[in-house]
1. Determine which single condition Val169 fails, assuming it passes every other condition in (1) touching a helix residue (DSSP H, G or I) at 6+ places or on another chain (Cβ under 8 Å); (2) among the aliphatic types (A, V, I, L, M); (3) under 26 Å from Ala87 (Cβ atoms); (4) touching a residue at least 12 places away in the same chain (Cβ under 8 Å).
2. So is Ser167 small (Gly, Ala, Ser), within 28 Å of Pro9 (Cβ to Cβ) and under 13 Å from the mean Cα position of the chain (by Cα) or not?
3. What is the residue count in the stretch 15-25 for residues that are under 18 Å from His92 (Cβ atoms) and out of contact with any helix residue (DSSP H, G or I) (no Cβ under 7 Å at 6 or more places or on another chain)?
4. If Glu26 passes every condition in (1) out of contact with any Gly (no Cβ under 7 Å at 6 or more places or on another chain); (2) acidic (Asp, Glu); (3) under 24 Å from Arg158 (Cβ atoms) but one, which one does it miss?
Amino acid sequence: MSASEFLTPPLEAIDHVQGEPAAELELVMFGDFQCPFCLGAQSVLRRVRQRLEGRLRFGFRHLPIPEKHPLALLAAEASEAAADQGAFWEYHDALYVAQPKLSLETMLGVATELGLDADRIEAELESGVHLPRIERDLASAEASGVTGTPTFFVNGSRFSGAYDAGSLVEALERDPVG
């Protein structure tokens, strides 16, 4: 199967998305919760979302790279367990803040701080119930030609510039979805 320069598949109902479905601009990040570059991108993404508030739909897909980040897959699973409790984005943000001290204990502690059922999350991690959801994102990464994190797709196409707020906003506004 040949890799694409386009987000494959496009955002779907199963994806983690912030913003209106009909937003004119769309930014998708493939990320790894243990990747220091993904952590660095979080402040950039906050600025982009603030500047384009009401116009941007932002999606996140998992691309844990366990060869470099041994806890990344577990963190992705924990975020999916948090999503099952209605708190994906809160957990996503808190997990990146906690990244420098990432461990299973940290993941469960973040869940507790957010008022989630940490015992349920731990049981779901042990069972592997969320692995198919992460495998779906991994298949999307492969189909989209993504091999590293963070990788961004701007309005459905791979973004290849520097991922600073100005460059991302400029690329987003250059060719809107709608």
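1. Result: Val169 fails condition (3) only.
2. Values: small (Gly, Ala, Ser): yes; within 28 Å of Pro9 (Cβ to Cβ): yes; under 13 Å from the mean Cα position of the chain (by Cα): no.
No, not satisfied.
3. 3
4. (1)
Every number in this text was worked out from the coordinates using simple rules, so none of it is lab data. All values reported here derive from a predicted model rather than from experimental measurement. When we count neighbours, we look across all protein chains shown, and the Cβ atoms used for this are built from the backbone with ideal geometry, even at glycine.
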